[in-house]
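K.L.:
I'd like to ask some things about the structure below.
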Amino acid sequence: MTTATLDMPAKPKPATNPSPAGRAVSGRPVPKPDTLDRIVLTGFMGSGKSTAGAVLAERLGWRFLDLDHEIEARDGRSVPQIFAEHGEPHFRHIESATLASLLGERRVVIALGGGAPEELGNRLLLEQTPHTAVIYLSAPFDTLIARCAAQAADPATTDRPNLADLNLAERRFRLRRPHYERIAAHIIHTIDLTPNQTVEAVLAAIRQTKSPR
Ligand code: S3P
């Protein structure tokens, strides 16, 4: 299988972010693609971070790291078990430590958990890690919830602790959205995109940050 690199010629793009090339949505400069070491996918639960992240990593010939899976591997328990046995603050503590260590890796695509950007320390770390582009995969709340239900083993229940109460989940969605936007170099609107189209959109957005030839 051919490995795509960040230098491959631009393809027709689905929806990508409207920010000018070379500038983050927040106005911070974005590293040029050929100097990128990490692409970090952020967004609410159901935004497709893990699915698109695995495909993106394969396209780039990079490693894919899923923050939740790394937490589970280190802790030896599932995310719902950590929530149930020790509560969310403890989970957030492990999440921050794990994120810091993943950001030490190079040539990786990292899928964050939906709540990671709620923590100020995590946002600062993401902003200050060099050669790192954060991409926000956005979708409306109802779409995200429908996708999560479709992924759950039993659509009537959820294996995501923070989806147990939908009213609370919607409040958190509204609270987090500005954080996702602020840390993002690019925003990809995924509502009409398949995972493969999302990956194409991410690649196109990243290529956009190239200096003009
Ligand atoms: C959470 C999202 C989950 C996981 C945990 C908490 C959240 O990750 O980290 O259940 O608070 O939004 P996904 O976004 O991958 O589902």
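The values are calculated or read from the model by the stated rules, or taken from the named source; none is laboratory data. Because the structure is a prediction, the values reported are computed rather than measured. Counting neighbours? That spans all protein chains shown, and the Cβs are built from the backbone with ideal geometry, glycine included.
K.L.:
What about LEU41, is it in contact with a helix residue (DSSP H, G or I) (Cβ under 9 Å, 6 or more places away or on another chain), in a strand (DSSP E or B) and either surrounded by 13 or more Cβ atoms within 10 Å (Cβ to Cβ) or at pLDDT 95 or above (or both)?
P.N.:
It is true that LEU41 is in contact with a helix residue (DSSP H, G or I) (Cβ under 9 Å, 6 or more places away or on another chain), in a strand (DSSP E or B) and either surrounded by 13 or more Cβ atoms within 10 Å (Cβ to Cβ) or at pLDDT 95 or above (or both).
K.L.:
Right, another one. Quick check: is even one residue across the range 79-87 surrounded by 14 or more Cβ atoms within 10 Å (Cβ to Cβ) and within 16 Å of VAL40 (Cα to Cα)?
P.N.:
no
K.L.:
Another question, if that's okay. Kindly provide the set of residues from the range 146-171 that are touching an Asp or Glu at 6+ places or on another chain (Cβ under 9 Å) and more than 12 Å from the ligand (Cβ to nearest atom), ordered by number.
P.N.:
ALA153, the sole residue that qualifies.
K.L.:
Suppose we filter LEU144, LEU137 for residues that are touching a Phe, Trp or Tyr at 6+ places or on another chain (Cβ under 6 Å) and surrounded by 14 or more Cβ atoms within 10 Å (Cβ to Cβ); which single one remains?
P.N.:
Of the residues listed, the single one that is touching a Phe, Trp or Tyr at 6+ places or on another chain (Cβ under 6 Å) and surrounded by 14 or more Cβ atoms within 10 Å (Cβ to Cβ) is LEU144.
K.L.:
Can I ask one more? If I ask for residues that are over 14 Å from ALA184 (Cβ atoms) and either hydrophobic (A, V, I, L, M, F, W, C) or within 16 Å of the ligand (Cβ to nearest atom) (or both), which ones from the range 31-50 would you list?
P.N.:
Of everything in the range 31-50, those that are over 14 Å from ALA184 (Cβ atoms) and either hydrophobic (A, V, I, L, M, F, W, C) or within 16 Å of the ligand (Cβ to nearest atom) (or both) turn out to be LEU36, MET45, GLY46, GLY48, SER50.
K.L.:
Here's something else I'd like to know. Looking at (1) within 8 Å of the ligand (Cβ to nearest atom); (2) closer than 23 Å to GLU181 by Cα, which one does ALA57 not meet, given that it meets all the others?
P.N.:
Only one criterion is unmet by ALA57, namely (1).
K.L.:
If a residue has to be surrounded by 18 or more Cβ atoms within 10 Å (Cβ to Cβ) and not in a strand (DSSP E or B) to count, how many in the range 60-69 make the cut?
P.N.:
Count: 4.
K.L.:
Taking the residues in the range 162-202 that are in contact with a Phe, Trp or Tyr (Cβ under 6 Å, 6 or more places away or on another chain) and buried (at least 17 other Cβ atoms within 10 Å of the Cβ) as candidates, determine which candidate is farthest from GLY121 (Cα to Cα).
P.N.:
ILE187
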